[in-house]
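First comes the structure, then the notes that go with it.
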Amino acid sequence: MIKKNPKELVQTFFNNTANSYDKIVYWTTFGKDVFWKQKILEHLSNEKTVLELACGTGILTRKIAEKIPKAKITGVDITKNYLEKAKEKLILYRNVSFVNQDAEKLDLERKFDCIAASYLPKYCIADVLVKNCIEHLNVGGKIILHDFTYPKNKLVQKMWNFYFKLLYLVGLFIPNWKQVFIYLPHVIRNSSWVREYESAMRHYGLKTSRQDLTFGSSTIIVGIKIV
Ligand SMILES: C[S@@+](CC[C@H](N)C(=O)[O-])C[C@H]1O[C@@H](n2cnc3c(N)ncnc32)[C@H](O)[C@@H]1O
């Protein structure tokens with residue numbers, strides 16, 4: 001169970017969960033998802049073009065479109081059901097378009113001022129994703145990556161582990177989410193995505209910064225392409 005490659009879990013997690021995703025992400029993070037996305041938005045100002053990888057049902061996409069209405073925004077996701085939800089949600093936003101692609105095989109033939117992704121890093125290989133992002137990023141542009149992290153504080157770890165045990169029980173009553181609640185804690189605990197992405201960003205010459213949020217249960221890293 002624990003040895004599964006996170007990428008192999010993407011289909012299991014997301015093929016049948018698009019309809020309930022927005023509610024589940026809100027309630028299971030106690031609304032912190034809203035706060036974390038707000039923190040992502042603080043890194044955006046007046047970019048002309050924004051690419052959102054793993055846009056899912058478009059929660060962050062809509063917030064970006066509302067914060068910078070003049071920007072051209074492209075949402076990419078590997079899961080068609082999630083993209084359909086995003087398209088429905090943002091149907092009135094003429095400056096937003098969506099593409100069904102794997103972020104690890106990204107090929108959009110244009111560059112952006114900013115590339116953002118929430119809850120994607122742990123499913124991808126850092127070197128591959130960062131290289132793809134850099135190829136799609138204008139000079140001076142930034143990459144903003146956000147995802148869950150396993151807290152370092154021992155007491156917080158105990159509470160975190162207990163919470164996922166509770167979620168496992170909840171999952172018994174929500175069949176579509178059962179696999180997520182079983183595997184997700186293992187993926188997060190075993191992931192060293194922050195270290196790997198920071199190291200990949202630095203390797204490709206980006207200037208990096210990092211922000212730990214909510215007792216270390218999620219992290220944002222930003223990489224700026226200076227040349
Ligand atoms: C937990 S959801 C997050 C959705 C959205 N970013 C949000 O914050 O609400 C994770 C999303 O990542 C997408 N995803 C996972 N691996 C991907 C990949 N390699 N390329 C593109 N999308 C991917 C899934 O399809 C899913 O929609």
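Counting only DSSP H runs of at least 4 residues, each contributing -39500 (n - 2.57), and dividing by the residue count of the chain, the helix-based mean residue ellipticity at 222 nm comes to -13500 deg cm²/dmol. Once the 1.4 Å probe is applied to the protein heavy atoms, the chain comes out at 52 Å² accessible per residue.
For region 1-105, the list of chymotrypsin sites (Phe, Trp or Tyr not before Pro) that fall in a loop by DSSP and count at most 11 other C-beta atoms within 10 angstrom reads PHE30. Computed in the context of the full set of protein chains, the accessible area of region 6-225 at 1.4 Å probe radius has 56% of its extent on carbon or sulfur. Relative to the longest principal axis of the C-alpha atoms of the chain, give the angle of the C-alpha long axis of helix 175-190, reported between 0 and 90° and rounded to the nearest 10°. The answer is roughly 80 degrees. DSSP beta bridges confined to the chain are antiparallel in about 45 percent of cases. With N counted as the residues of the chain, its alpha-carbon radius of gyration over 2.2 N^0.38 Å works out to 0.97.
Applying the criteria of a DSSP loop state and at most 10 other Cβ atoms within 10 Å to the trypsin sites (Lys or Arg not before Pro) of region 28-123 yields LYS70, ARG94, ARG110. Only one residue of ILE220, LEU184, LEU172 has its Cα farthest out toward the positive end of the dipole of region 6-225, where Lys and Arg carry +1 and Asp and Glu -1 on Cβ, and that residue is ILE220. Extent of region 170-222 along its three principal axes (Cα atoms, max minus min coordinate, largest first): 47, 21, 16 Å. Between the helical axis of 80-89 and the dominant principal axis of the chain, each derived from Cα atoms, what acute angle in degrees is found, rounded to the nearest 10? In the chain, helix 80-89 runs at an angle near 70 degrees to the longest axis. On a 0 to 90 degree scale, rounded to 10, what angle separates helix 154-171 from the longest Cα axis of the chain? Long axis of 154-171 versus the principal axis of the chain: about 80 degrees. Once the Cβ-Cβ distance of LYS154 and TRP27 is raised to the sixth power relative to R0 = 22 Å, the FRET efficiency obtained is 0.25. Cross-link pairs exceeding 29 Å in C-alpha to C-alpha distance, out of LYS4/LYS225; LYS39/LYS89; LYS7/LYS48; LYS154/LYS207; LYS111/LYS207, comprise LYS4/LYS225; LYS7/LYS48; LYS154/LYS207. Using the Cβ-Cβ distance between ASN16 and ARG195 with R0 set to 22 Å, the FRET efficiency from 1/(1 + (r/R0)^6) comes to roughly 0.10.
The values are calculated or read from the model by the stated rules, or taken from the named source; none is laboratory data. Since the model is a prediction, treat every value here as computed from it, not as a measurement. Note that we place each Cβ from the backbone using ideal geometry, even for glycine, and neighbour counts take in every protein chain shown. Each accessible area value is taken on the protein alone, full model and side chains, heavy atoms only, with ligands, DNA and RNA left out. Shrake-Rupley method; radii C 1.70, N 1.55, O 1.52, S 1.80 Å.
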